[in-house]
Amino acid sequence: MIIDKIKDLLTTKLISRRSFLKSSAASGVALLGLTGCANEEEEITTVEVITEEPILKEETPAETVTPREKGTISRQACPRNCYDTCSILSEVKDGRIINISGDHGNPITAGGLCAKMNHYLSWVYHADRLLYPMKRVGAKGEGKFEQISWDEALDTIVAKTKENIATHGSETVLKYYFSGNLGLMQNQGMMHAFFNKIGASELNRTICMSTGAAAIPYTYGTDKGLDPEEFANTKLYVSWGINEATTNVHSVKFIKQCKENGGKVVVVNPIRTGISTFADMFIQIKPGTDAAFALGVINYIIENNLQDQSFIDAYTIGFEELKATASEYPLERVSKITGVPIEQIEEFAKLYGETKPSIIRIGFGMQRNSNGGSMVRAITLLPAVVGTVGAGANSGYVYINGGPASSTALKGIELLENPNIRSINMNEFGKALLGQLETTKELPVTSLIVFNSNPMAITQNGKLVREGLSREDLFTVVIDIFRTDTADYADILLPSSTFFEYEDLNQDYLGYYIRHNSPAIEPLGECMSNTDIFNALAKRMGYTDPIFDTTMTEAVKVCLDVAGVTSQGITYDELKETGWMKLKKDVSFVDKKFNTPSGKIEFYSEKLKEAGHHPVAEYVPTAESEDGSPDLFKKYPFTLVSPATKNLIHSQMYNVPQIRELMGDPVVFIHTDDATERGIVDGDSLNVTNDRGTIKLVAKVTSTITKKGTLLTFNAPWPKFVEGRKSINELTSDRLSDMGGGSTFHTNLVEITK
Ligand SMILES: Nc1nc2c(c(=O)[nH]1)N[C@H]1C(S)=C(S)[C@@H](COP(=O)(O)OP(=O)(O)OC[C@H]3O[C@@H](n4cnc5c(=O)[nH]c(N)nc54)[C@H](O)[C@@H]3O)O[C@H]1N2
Ligand SMILES: Nc1nc2c(c(=O)[nH]1)N[C@H]1C(S)=C(S)[C@@H](COP(=O)(O)OP(=O)(O)OC[C@H]3O[C@@H](n4cnc5c(=O)[nH]c(N)nc54)[C@H](O)[C@@H]3O)O[C@H]1N2
Ligand code: SF4
Ligand SMILES: [Mo]
């Protein structure tokens, strides 16, 4: 009967929404009319107001609409790698989805999807969907394929894989996968049993947020976050190196509520992000210098006795060392390093020292720097200095939140015979394919299976990735929904179904929800889910282990059958019926127990010292910057940051024509002063270059989005759709970060020429 209610809701809202939707932008998302938002800068600074009711495709005046017959409604969860994990309702008629909208009932989704996924219908029914297995008939990268049967595809893969294992060893088989789909089963399910059974190399999946994740435990022992719905109830929300209006659109309403409730919002970012337009302070920091800023703020707080001394005495160690270290960061020095005016540092330090409760939101974007770990470490000291940790659900810091549902039992860990299997850091993919890593010199990669990822667009040092994938002796299988640039290098290309076509389980990594995904339609063409593809491959390999007979429903039940879920009374049946359920969690660190060596918050960390870092924190210039590499800086004087755009989720959606039309050719924002010096005007075609490569971008001159010396472009248009056929990652480095083997996309010096 819940379903009936939803049906009613959908139909009534469908009719009443027309006039409002008329004001929507081309994307189907209304833009908030914020003052101070110049036209030229709308791409970045407009804040999306999520539509409150389901999205309609045409904008017919309300009076001309006759109620139509309702379709069948089913519930999905958006499996993209996105903080929001929206709950979705889809309406199906005659076997076809006719309407897709956000779930009104879910507090995070609250009815709307986002600028990109408002186009989900065009994605599912895209004319270019891969519908059949294919084999390559042209040169690698040329994109010439011929349809084959599943039998031929599976037989070819099995024969070639067995041959490579027999000749070179099982570790020469590599899986490259990331986050195209984060559904538990499509990303972390039985496919890993398949690779374990083979004895394939492991992939060290550190491209996204592992640097911060490695840094935080030095301070707190474990990383524990906060419920984003609590952003509304804090007095000070600090957005530090994150772009919520783009990457976490559904949190913006909670941040705005914080303001409406009398709270303050501060943004620390080299880029003027969407929420900067309504923030009380926008601190436009020089990229890579946040550790100096954090230490300067701590120094000011201590000098002005704004710290929470009783909290510090009870729950921390190393305060004296912190005080001494911070004293090396007086205002003048910090201002010089960070480019932030002294008065602004003081103003923020005073605000942070005096306002409670407060939340620091630590972004994933910021830590993608060679010094990302040191920056995050320094920032994590702040909440402990002012004693906001464990003080309430609306207090402390947040980076990421894990959930309890677990697919560990599906990964066939017991099938792996060699516990010391080779692991390859995904950030060094090009080098790995070309045998340039210590681990790949003797033992090459011979069979590569790519799924849930598009390395030709998203992986660093693009030239090496391209050269690696071009190797004639490399056997490559790509499983995708579309024929991406990566797919063009496949020997065998397999068609994946979408989450509208199978059952799955999803778990937020920011919100506290667990969500069930029901199929809305039958798989299109001959598409199969990742799971079914790997189960079929396992059988073809001759594997008889029962794990490869697991159905999706059984697998979902296994993931829910863990103490953290069952203890909350969450059952499969109820979850399937309601689509989503909220997890109850204790207030983070409420017990003031910290899993550090000392059992306290560590301002001084012996472990950090052992790992070769400053035991407290320090400003380390990035490996590509004026301070960090003066010679390189002379040649390449601009720092190019390439974070997310609101119109794409990494490379996904760039093949949807409306999205490309909306975005135009890939742009680079450049400060007016830099543009004037070089005679660059809006719309100029620029060559953006460094020692790794050259790409073409269209100039967007700005006085506020970036500061002088910083350039901004976006991740990650498909090479095949852009001039020069190169991804933004042609320019980015595969250097690893200082902690956790993470990526360093934003540590990237370039030069521009017309
Ligand atoms: N629309 C959209 N949403 C997404 C994604 C997407 O591709 N598109 N990707 C999803 C994924 S996988 C992830 S990991 C998250 C990422 O979510 P975010 O953490 O918001 O990531 P980005 O937008 O890539 O980068 C955030 C900010 O880091 C800033 N930054 C870069 N260097 C520095 C620095 O040195 N100091 C400071 N203070 N800031 C710096 C950039 O200017 C940028 O605004 O978003 C998710 N959501
Ligand atoms: N310059 C720069 N580069 C970056 C970043 C940045 O900020 N700047 N961000 C980095 C980060 S944080 C991340 S997380 C990575 C993301 O990197 P990826 O996870 O590789 O990115 P996506 O483009 O989202 O997805 C890859 C592919 O998965 C496919 N896919 C979607 N669903 C399915 C499915 O169900 N089955 C199969 N088989 N395929 C599917 C999509 O069609 C797409 O081609 O990019 C990184 N790259
Ligand atoms: S990409 Fe993110 S914001 Fe958009 S629908 Fe999916 S979960 Fe929601
Ligand atoms: Mo990510």
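One table, with the values for the structure above:
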{"read-out": "Single unsatisfied condition, V334 versus (1) under 24 Å from D738 (Cα atoms); (2) in the same structural domain as N233 (by TED's automatic domain parsing); (3) part of a loop (DSSP other than H, G, I, E, B)", "value": "(3)"}
{"read-out": "Candidates T161, T109 - the one that is under 30 Å from T544 (Cα atoms) and in contact (Cβ under 8 Å) with a residue 40 or more places away in the chain", "value": "T161"}
{"read-out": "Identity of the residue in region 99-112, closer than 18 Å to Y512 by Cα and touching a Phe, Trp or Tyr at 6+ places or on another chain (Cβ under 7 Å), that ends up nearest to ligand 4 (Cβ to nearest atom)", "value": "I108"}
{"read-out": "Residue within region 248-262 that is among the charged types (D, E, K, R), assigned to a helix (DSSP H, G or I) and touching a residue at least 60 places away in the same chain (Cβ under 8 Å) present", "value": "yes"}
{"read-out": "Within region 392-511, strands (runs of 3 or more DSSP E) holding 1 or more residues that are surrounded by 19 or more Cβ atoms within 10 Å (Cβ to Cβ) and of a type in the set (S, T, Y)", "value": "396-398, 447-451, 475-480"}
{"read-out": "Any hit, region 384-391, residues being away from ligand 4 (no atom under 16 Å from the Cβ), over 28 Å from the mean Cα position of the chain (by Cα), modelled with pLDDT of 95 or more and surrounded by fewer than 18 Cβ atoms within 10 Å (Cβ to Cβ)", "value": "no"}
{"read-out": "Residue check, R96 away from ligand 3 (no atom under 16 Å from the Cβ), outside the structural domain of L184 (by TED's automatic domain parsing) and under 16 Å from E501 (Cβ atoms)", "value": "yes"}
{"read-out": "Any helices (runs of 4 or more DSSP H) falling wholly within region 625-744 and containing at least 2 residues that are modelled with pLDDT of 95 or more and farther than 30 Å from M117 by Cα", "value": "630-635, 672-677"}
{"read-out": "Within region 451-475, tally of residues that are touching an Asp or Glu at 6+ places or on another chain (Cβ under 8 Å) and either without any contact (Cβ under 8 Å) to a residue 40 or more places away in the chain or of a type in the set (A, V, I, L, M) (or both)", "value": "3"}
{"read-out": "Residue in region 171-200 that is farthest from ligand 3 (Cβ to nearest atom), counting only those that are crowded, with 21+ Cβ neighbours inside 10 Å and small (G, A, S)", "value": "A200"}
{"read-out": "Given (1) surrounded by fewer than 20 Cβ atoms within 10 Å (Cβ to Cβ); (2) of a type outside the set (G, A, S); (3) in contact with a Phe, Trp or Tyr (Cβ under 6 Å, 6 or more places away or on another chain), index of the condition K708 fails", "value": "(3)"}
{"read-out": "Where V124 falls short, out of the listed (1) within 13 Å of ligand 2 (Cβ to nearest atom); (2) surrounded by 23 or more Cβ atoms within 10 Å (Cβ to Cβ); (3) β-branched (V, I, T)", "value": "(2)"}
{"read-out": "All positions within region 528-565 that are among the hydroxyl-bearing types (S, T, Y) and either surrounded by 15 or more Cβ atoms within 10 Å (Cβ to Cβ) or not assigned by TED's automatic domain parsing to the domain that holds F451 (or both)", "value": "S529, T531, Y543, T550"}
{"read-out": "Selected residue (only one of F278, F254 is surrounded by fewer than 24 Cβ atoms within 10 Å (Cβ to Cβ) and under 15 Å from L510 (Cα atoms))", "value": "F254"}
{"read-out": "Count - residues of region 144-161 that are in contact with a helix residue (DSSP H, G or I) (Cβ under 9 Å, 6 or more places away or on another chain) and crowded, with 16+ Cβ neighbours inside 10 Å", "value": "7"}
{"read-out": "Failed item in (1) away from ligand 3 (no atom under 16 Å from the Cβ); (2) touching a residue at least 60 places away in the same chain (Cβ under 8 Å); (3) among the hydrophobic types (A, V, I, L, M, F, W, C); (4) surrounded by fewer than 23 Cβ atoms within 10 Å (Cβ to Cβ), with V265 passing the rest", "value": "(2)"}
{"read-out": "Residue within region 42-49 that is closer than 26 Å to Y512 by Cα, modelled with pLDDT under 95 and in a loop (DSSP other than H, G, I, E, B) present", "value": "yes"}
{"read-out": "Test: residue in region 94-102 that is away from ligand 1 (no atom under 16 Å from the Cβ), closer than 27 Å to T578 by Cβ, of a type outside the set (A, V, I, L, M, F, W, C) and modelled with pLDDT under 95", "value": "no"}
{"read-out": "Unique residue being in a loop (DSSP other than H, G, I, E, B), crowded, with 20+ Cβ neighbours inside 10 Å and among the hydroxyl-bearing types (S, T, Y) when the list is T219, T206", "value": "T206"}
{"read-out": "Residue list for region 629-666, restricted to those being away from ligand 4 (no atom under 16 Å from the Cβ) and among the charged types (D, E, K, R)", "value": "D631, K634, K635, R660, E661, D665"}
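Condition check ((1) among the acidic types (D, E); (2) within 28 Å of G365 (Cβ to Cβ)) across all residues:
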{"residue": "I255", "(1), (2)": "no, yes"}
{"residue": "E260", "(1), (2)": "yes, yes"}
{"residue": "G296", "(1), (2)": "no, yes"}
{"residue": "Q307", "(1), (2)": "no, no"}
{"residue": "I312", "(1), (2)": "no, no"}
{"residue": "T325", "(1), (2)": "no, yes"}
{"residue": "E328", "(1), (2)": "yes, yes"}
{"residue": "I337", "(1), (2)": "no, yes"}
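Listed here are the residues, each with its yes/no results for (1) free of Cβ contacts under 8 Å to residues at least 40 places away in the same chain; (2) aromatic (F, W, Y); (3) more than 27 Å from T622 (Cα to Cα).
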position	(1), (2), (3)
E321	no, no, no
S327	yes, no, no
G339	no, no, no
E354	no, no, yes
G372	no, no, no
V386	no, no, yes
G390	no, no, yes
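The values are calculated or read from the model by the stated rules, or taken from the named source; none is laboratory data. Only a predicted model underlies this, so the values are computations on that prediction, with no experimental measurement involved. For neighbour counting, all protein chains shown are included, and Cβ atoms are generated from backbone atoms with ideal geometry for every residue, glycine included.
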